[in-house]
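Step one of this worksheet: look at the structure below.
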Amino acid sequence: MRRIFHLAIQEIWKKKFFSLLMFLVCIIAMHTVLTSITNATSATYQQKEFENNLGYDMSEVLHLDYQYTEENPAFANVLTQYLHYIAGLPGVHAVGQFDATGMYFSELKASEAYTDINAEIVEGGKYEGHADIAQLLSVDESLLSFINCGITEYTETASGHLPILASEVFREILPLGTVLTDERTGEKYELVGYIPKGSKWVEEDDLIRFPMVSIDGWFIAPFSVDSETDIMTQLSCLHNTYVLLSDNADIAYLKQAISDYSIQHGFEATAYTLAEEYEAYRMETHIFTVRQIALAVFISLMSVSSIIAVFTTNTLLKRRQYGILIANGFTQKDIVVCIATEISVIVMTSTLIAWGMKFLEFIRSTDLFRDILLTAHIHYTLPICCLIAAALILIATLLPAIKVFRYQPCELIGGNTNGNY
């Protein structure tokens with residue numbers, strides 16, 4: 001076997017230009033196939049991740065969609081009363097909001113240990129260059145269990161300060177009981193626990209269409225009392241307001257009541273179940289995924305056809321050489337194995353190079369979907385492309401093998417193949 005492998009490498013090296021062309025053809029083809037497969041599988045992976053991290057049945061969660069609102073201080077009270085009204089409707093378990101923002105805590109701004117750690121966390125993000133900022137996720141307690149992040153309630157503080165949880169990455173420098181002061185409002189928070197490493201939360205702009213966000217390096221706390229009357233806080237939470245329903249809730253009635261109340265009070269809001277929004281998204285991605293898969297299949301077939309044609313032609317051109325090898329003790333089976341080895345070296349090497357090129361492309365990317373694409377590329381695309389490459393090698397070897405076995409050794413040695421030279 002070692003002799004055959006050595007012969008295959010010699011054949012590749014002897015025809016450098018031909019081999020290089022084949023490498024380039026395979027790399028370009030596999031790179032395009034990899035892109036299509038990664039795009040298709042990333043959408044599936046994103047959906048699976050969202051489903052696995054959601055703490056409620058999607059049919060039992062209403063998402064409020066505001067079509068028209070006011071932007072004056074008085075409207076903050078209108079919104080607060082609106083949420084209280086919804087919370088009192090039959091079949092409603094709870095109403096909750098969340099908001100992701102940046103906050104400056106006086107104690108953290110003065111901590112060199114904190115800024116050193118946080119500088120790495122915010123690098124490449126929207127707070128890059130602001131190592132003294134704290135990324136805060138303000139979440140109503142009723143909404144903590146909305147996402148499976150290991151936190152379901154806030155611990156009350158003996159001091160009366162608002163409770164706050166810090167990411168595990170800060171455990172060594174922020175012990176329990178640490179008091180943090182909001183530099184803008186003077187509100188004080190007391191550290192009562194830690195957010196487990198690897199925890200994620202939904203993207204505030206669109207929890208379904210955008211990938212989940214890692215909250216390593218974040219803080220989680222409830223809204224302050226003053227936030228109910230703060231119009232900026234209320235407006236920033238509009239898109240992230242959710243109604244958690246009980247099992248026997250009349251969804252049609254609740255949708256109507258939620259819509260009617262808003263119109264009666266000078267604004268417009270509609271409620272949709274997450275199941276409805278998710279199904280709409282699945283329909284959108286289904287079309288995209290089908291197109292990507294169809295493109296990958298088409299390119300794969302074109303690649304297989306071209307490689308089969310090239311290697312079959314190469315076999316015919318080298319028949320005299322194969323005849324000489326047979327005369328020197330090689331069998332027809334050895335010749336076929338040698339052809340398969342040549343094809344395997346070229347196809348598998350080009351596949352791994354193309355995969356590595358896409359991997360580096362994703363590593364360097366600042367795309368919002370970078371982590372999703374990278375995960376899909378590692379866990380889904382690589383095994384799928386290895387299977388495609390294996391099938392390509394098998395099919396590309398088949399026709400040359402048929403040609404070799406069809407000829408008699410004397411015909412190969414003489415270069416005569418049924419009268420064709």
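The values are calculated or read from the model by the stated rules, or taken from the named source; none is laboratory data. Given the structure is predicted, the values throughout are model-derived calculations rather than measurements. Neighbour counts are summed over all protein chains in view; Cβ atoms, including those assigned to glycine, are modelled from backbone coordinates with ideal geometry. Areas reflect the complete protein model, heavy atoms only, side chains present, ligands, DNA and RNA absent. Shrake-Rupley method; radii C 1.70, N 1.55, O 1.52, S 1.80 Å.
Hey, what angle do you get for helix 274-317 against the long axis of the chain, alpha-carbon based, 0 to 90 degrees rounded to 10?
For 274-317 against the chain, the angle is about 20 degrees.
Quick one: accessible area per residue over the chain, 1.4 Å probe, rounded to a whole number of Å²?
Result: 49 Å² per residue.
Taking the structure as given and computing percent of Cα pairs over 36 Å apart, which label from [x] 65; [y] 48; [z] 25 fits?
[y]
Indicate, rounded to the nearest 5 percent, the antiparallel portion of the DSSP beta bridges found entirely in the chain.
Percent antiparallel among DSSP bridges in the chain is about 75.
What area, in nm² and to one decimal, does the C-alpha convex hull of the stretch 135-267 cast on average over all directions?
10.1 nm²
Tally up the carbon and sulfur contribution to the accessible surface of the stretch 230-359 as a whole percent, 1.4 Å probe, everything protein left in place.
66 percent
For the stretch 164-207 and the stretch 40-113, what is the separation of their Cα centres, given in Å?
That distance is 17 Å.
Quick check: with the 1.4 Å probe, what order do W13, W218 take by accessible area, largest first?
W13, W218
Work through the residues other than F98 whose Cβ is under 10 Å from its Cβ and net out their charges, Lys, Arg +1 and Asp, Glu -1.
Once all neighbours under 10 Å are counted, the net charge is -3.
Calculated from DSSP H runs of 4 or more alone, at -39500 (n - 2.57) each and per residue, what is the 222 nm mean residue ellipticity of the chain, nearest 500?
So the helix-based figure for the chain works out to -18000 deg cm²/dmol.
Measure nothing fancy, just the Cα-based angle from helix 112-122's long axis to the longest principal axis of the chain, in degrees from 0 to 90, nearest 10.
Orientation of helix 112-122: about 60 degrees from the principal axis.
By DSSP, what percent of the beta bridges with both residues in the stretch 150-256 are antiparallel, rounded to the nearest 5?
Counting DSSP beta bridges with both partners in the stretch 150-256, the antiparallel share is about 55 percent.
Expressed as an acute angle from 0 to 90° and rounded to the nearest 10, what is the orientation of the C-alpha long axis of helix 382-406 relative to the principal long axis of the chain?
Between the helix axis and the principal axis of the chain, the angle is about 10 degrees.
Please name whichever of T351, T289, S305 sits farthest to the positive end of the charge dipole of the chain, dipole taken about the Cα centre and charges placed at Cβ: Lys and Arg +1, Asp and Glu -1.
Most positive-ward Cα: S305.
Of K318/K358; K109/K358; K48/K109; K109/K200, which ones are farther than 28 Å apart at the Cα?
Among K318/K358; K109/K358; K48/K109; K109/K200, the Cα-Cα distance tops 28 Å for K318/K358; K109/K358; K48/K109.
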